[in-house]
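Q: Have a look at the structure that comes next, please.
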């Protein structure tokens, strides 16, 4: 650290202390002038109140210059070892290097991401607790859980969408289905005899397969599991025959050795991980959607300057050659790093896509 940096930090802290003292004086003066309110006392009240926005702006700017001042936690709503957890642990050291503070990953799994979401919503709004939020928590859970302890729009400030990746429909090859049309024909010929797994009621694999059922006009039975660690082995062992899941399943050993077959991929273009697999549109189902995202959100009252610092630094990390190679090229994620406004628009866009599916399937958890 250079000799100039401590001096800068000292000046910032001094400015912050002066702001606090000045704010206290303003409050005291405002109270006093209101106590002895006369026609001549109105002007001082207006003048002192006008200083408050400037004081808040100074405080916010100082917070951004000093952020972070302690350990930063990235909260992941899934167990350790899953794809989101691996991604979070991959970028954490890069953020730590940029911020000069430890960045740790905190796993708070359960209840479709709601346990983690509630924890972050109630956390201090200073940027030291960051939520790696998946799309269901921000886009669909409020449509499924009528008694949530948080409101995604009210309680979170979008920071940036980190990655987006498509879903696929994969089957056990014992079904004999080689295309999505084959699966549709098989399900129509034997309604209610095929099963599909998910990560639980209301999870993305559940909602995605319900969309396929509605579009294809088929009856495939839902069998919920507690996560990919259970849902995928059930598919491999043929306890279930179908799974709607993230594209990484294409790299699983059971897919490579022929026990599983990927039939179609969501998205406007083919996935570079599986270039021989058609898109849903190419497979005859253009209405099928299946985007997934992970993004950073923080408690809603977090200063905008802190939000912008997290976004800017996260976007830089996503351009790091090591991150691009590992998560962009090898794992096939689209690395984004967009603005809070763009992320908020994407959240709403996916909410609008999934809302009619959830209503049509009557997905609800009381």
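Q: Relative contact order for region 166-265 using alpha-carbon pairs under 8 Å, separation at least 6, rounded to a whole percent?
A: 45
Q: Another one. Using only the alpha carbons of region 166-265, what is the convex hull's orientation-averaged projected area in square nanometres?
A: 5.3
Q: While we're on this one: Fewest first, what order do 364, 259 take by the number of other Cβ atoms within 10 Å?
A: 364, 259
Q: If neighbour count is taken as other Cβ atoms inside 10 Å, put 277, 223 in order from fewest to most.
A: In order of increasing Cβ crowding within 10 Å: 223, 277.
Q: Another one. Could you tell me how far the Cα centroid of region 180-199 sits from the Cα centroid of region 218-290, in Å?
A: 13
Q: Of all DSSP beta bridges located in region 162-247, what percent are antiparallel, nearest 5?
A: 45
Q: Using a simple spin-label model with points 7 Å from Cα along the Cα→Cβ vector, what separation in nm is obtained for residue 101 and residue 349?
A: Between residue 101 and residue 349, the simple spin-label model gives 3.2 nm.
None of the figures in this text is laboratory data; all of them are computed from the coordinates on show. This structure is a prediction, so every number in the text was calculated from the model and none was measured. Because the Cβ atoms are built from the backbone with ideal geometry, glycine has one as well, and the counts that use them run over all protein chains shown.
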